[in-house]
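The values are calculated or read from the model by the stated rules, or taken from the named source; none is laboratory data. All values derive from a computational prediction rather than experimental measurement. Cβ sites come from the backbone with ideal geometry, for glycine too, and all protein chains shown count toward neighbours. Just the protein is used for accessible areas: all its heavy atoms, side chains included, with ligands, DNA and RNA removed. Shrake-Rupley method; radii C 1.70, N 1.55, O 1.52, S 1.80 Å.
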Amino acid sequence: MTQAGQRRLALAGAATVIAVLLAANLHLVLVAVGSQPDCVAVTGAPLPARHSC
């Protein structure tokens, strides 16, 4: 394999790894945002430390 071919292969591998990491992080953010429960008032429950609703 030539030096140019090795360089292209290394760059393609690095780009693939970066793309996989970005896709995994995007998936984590989407799942975290999508799984947040709605604000529900519960009678008799203690108040939260930080008011978010």
Scope the stretch 30-53; condition open to solvent by 90 Å² or more (accessible area, probe 1.4 Å) and either modelled with pLDDT of 95 or more or in a helix (DSSP H, G or I) (or both); matching residues: L30, V33
Filter pass, H27 being modelled with pLDDT under 95 and open to solvent by 100 Å² or more (accessible area, probe 1.4 Å): no
Long-range neighbours under 8 Å by Cβ, at least six apart or interchain, first residue open to solvent by 100 Å² or more (accessible area, probe 1.4 Å) within the stretch 1-21, second modelled with pLDDT of 95 or more: M1/L9
